[in-house]
There are 2 protein chains.
Amino acid sequence: MNKGKLFLIPTVIAENTETNVITEQVRNVIKSLDYFLVENIRTARRYISKLKLGVPIEELQFELLDKNTDTSTVEKLLSPVVRGRNVGIISESGCPGVADPGSIAVASAHQKGIQVIPITGPSSILMALMASGFNGQSFTFHGYLPIDKKDRIEKIRSMERDAQKLNQTQIFMDTPYRNQKLFQDVIKTCSNGTMLSVARGITGVNELILTKDISNWEKTKIDLNKIPTIFSIHA
Amino acid sequence: MNKGKLFLIPTVIAENTETNVITEQVRNVIKSLDYFLVENIRTARRYISKLKLGVPIEELQFELLDKNTDTSTVEKLLSPVVRGRNVGIISESGCPGVADPGSIAVASAHQKGIQVIPITGPSSILMALMASGFNGQSFTFHGYLPIDKKDRIEKIRSMERDAQKLNQTQIFMDTPYRNQKLFQDVIKTCSNGTMLSVARGITGVNELILTKDISNWEKTKIDLNKIPTIFSIHA
């Protein structure tokens with residue numbers, strides 16, 4: 001018997017942007033499936049419902065795959081796939097498997113010989129890089145910065161050094177309510193000539209992407225509070 | 001007078017996949033523009049023509065923006081945008097600004113206060129990462145590996161060390177006709193337990209994404225010759 005396939009299904013990264021960022025392929029793949037592993041069942045249902053695909057949502061099976069899901073649960077969730085059922089993974093924002101728990105299911109799928117198929121969708125990391133004007137031939141994404149003040153400043157310093165030494169774009173983020181603080185920490189910590197790109201609310205109504213050197217940022221007011229933002233620095 | 005905007009317009013990463021990977025937004029943005037900076041004029045025209053948007057392609061203005069375009073030419077190409085004309089950037093593959101010359105125009109746009117708007121599209125780097133099952137909270141993209149044998153092996157060793165030491169996914173590539181050689185170099189250089197993900201022909205008819213440890217790859221035959229492939233390693 002053929003094994004099922006695992007589809008990595010993107011969702012929106014800003015509210016009410018389905019028409020802009022979701023491809024016809026995403027719609028077709030969702031229509032073809034009845035089994036989903038999702039980071040949040042309520043929001044995944046709501047997302048599929050908003051796409052107006054005409055599928056009976058109450059007949060679809062949703063199982064939770066979040067940061068608390070352990071490996072043995074993931075194995076169990078994938079056993080129908082080994083027996084031939086296709087499955088889709090949907091995370092809370094953007095493309096599953098990048099900075100979310102989807103990757104443990106993908107790793108397990110590869111071990112079991114299940115084919116993994118990524119579907120095109122919006123990624124705030126990639127779109128911030130595109131729009132930064134920085135080196136896209138070499139870049140590092142660091143995820144969330146440390147919360148501890150000292151560790152955080154040391155991390156910013158080490159990223160600034162790598163940006164210079166390796167000509168490598170350094171991309172990072174924080175939880176939205178700490179964005180303004182992170183922005184201030186970067187301005188205070190980096191040299192005047194270092195370039196900073198701030199990509200706020202990508203694809204959404206608050207989208208604003210600016211790239212300036214630190215001395216110019218010092219004169220600029222920008223409201224990042226509670227709006228998802230990606231930061232990039234370069235020499 | 002308001003300045004024009006700069007749109008970063010994705011194209012396909014595999015032939016005849018427009019229906020799958022190109023969003024309605026890309027189509028609408030292209031329809032709204034008559035001025036494009038493109039990495040290759042012939043392929044950009046052909047792409048727009050394939051989208052069947054009903055726009056008179058012979059009336060659109062295409063200007064070359066490739067790896068030989070210098071900064072003063074880019075300034076000239078952006079002067080209509082400063083005066084209010086919108087412009088779209090289209091590269092040879094995927095999302096402009098990542099591993100292509102689009103980023104020099106983006107950097108110049110930021111200096112001139114031109115708004116930069118990235119549009120959602122396919123990225124082989126990001127889709128390879130999604131489908132690898134590796135850590136997406138921390139990753140580095142290294143671009144093309146060195147051609148010189150000794151430098152190449154040393155680069156593979158240093159990526160393997162970083163993957164272990166930093167728990168960081170290491171992503172890299174080569175020109176398609178050197179893929180098979182690169183694959184062999186990775187197999188020979190890395191330890192048996194190191195994980196390698198090979199993402200071949202993403203979104204296309206030859207798509208195949210496999211993640212295995214090196215000792216399992218030694219027993220696996222895979223044809224990568226002349227097919228665009230993204231490699232990722234992780235501890």
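Worth pointing out:
- Test: residue in segment A:93-103 that is more than 11 Å from chain B (Cβ to nearest Cβ), more than 30 Å from A:Lys212 (Cα to Cα), out of contact with any His (no Cβ under 9 Å at 6 or more places or on another chain) and not in a loop (DSSP other than H, G, I, E, B): no
- Residues being in contact with a Gly (Cβ under 8 Å, 6 or more places away or on another chain) and either touching a residue at least 40 places away in the same chain (Cβ under 8 Å) or surrounded by fewer than 21 Cβ atoms within 10 Å (Cβ to Cβ) (or both) - total across segment A:129-140: 6
- Considering segment B:145-160, the residues that are within 13 Å of chain A (Cβ to nearest Cβ) and hydrophobic (A, V, I, L, M, F, W, C) include one that is farthest from the chain's Cα centre (by Cα), namely B:Met159.
- At least 3 residues being in contact (Cβ under 8 Å) with a residue 60 or more places away in the chain and out of contact with any Lys or Arg (no Cβ under 6 Å at 6 or more places or on another chain) is the threshold, and among the strands (runs of 3 or more DSSP E) wholly inside segment B:142-227 those reaching it are B:169-173, B:195-200.
- Boolean, B:Glu75 is closer than 23 Å to A:Gln137 by Cα, surrounded by fewer than 19 Cβ atoms within 10 Å (Cβ to Cβ) and of a type outside the set (Phe, Trp, Tyr): yes
- Scanning segment A:56-82 for residues that are in contact with a Leu (Cβ under 9 Å, 6 or more places away or on another chain), closer than 17 Å to A:Ile30 by Cα and assigned to a loop (DSSP other than H, G, I, E, B) yields one hit, A:Leu60.
- Segment A:122-144, subset within 13 Å of the chain's Cα centre (by Cα) and of a type in the set (S, T, N, Q), residue farthest from the other protein chains (Cβ to nearest Cβ): A:Ser124
- A:Glu24 within 14 Å of another protein chain (Cβ to nearest Cβ) and charged (D, E, K, R): yes
- Residue satisfying all of: in segment A:51-81; among the basic types (Lys, Arg) and modelled with pLDDT of 95 or more; farthest from A:Glu92 (Cα to Cα) among these: A:Lys76
- The set of residues in segment B:6-52 being more than 29 Å from A:Leu208 (Cα to Cα) and of a type in the set (Lys, Arg) consists of B:Arg42, B:Arg45, B:Arg46, B:Lys50, B:Lys52.
- Put simply, of B:Ile90, B:Ile119, B:Ile171 the only residue that is surrounded by 22 or more Cβ atoms within 10 Å (Cβ to Cβ) and under 30 Å from A:Pro146 (Cβ atoms) is B:Ile171.
- Taken together, A:Ile114, A:Ile104 contain a single residue that is more than 28 Å from B:Lys155 (Cβ to Cβ) and in contact with a strand residue (DSSP E or B) (Cβ under 6 Å, 6 or more places away or on another chain), which is A:Ile114.
- Of all residues in segment A:9-38, those satisfying the criterion of being crowded, with 19+ Cβ neighbours inside 10 Å and farther than 21 Å from A:Ile202 by Cα are A:Gln25, A:Val29, A:Ile30, A:Leu33, A:Phe36, A:Leu37, A:Val38.
- In segment B:63-77, the residues that are within 12 Å of another protein chain (Cβ to nearest Cβ) and under 19 Å from B:Lys3 (Cα atoms): B:Val74
The values are calculated or read from the model by the stated rules, or taken from the named source; none is laboratory data. What you see is a predicted model, and the numbers here were worked out from it, not measured in a lab. A quick note on method: Cβ atoms are made from the backbone with ideal geometry, for glycine too, and the neighbour counts reach across all protein chains shown.
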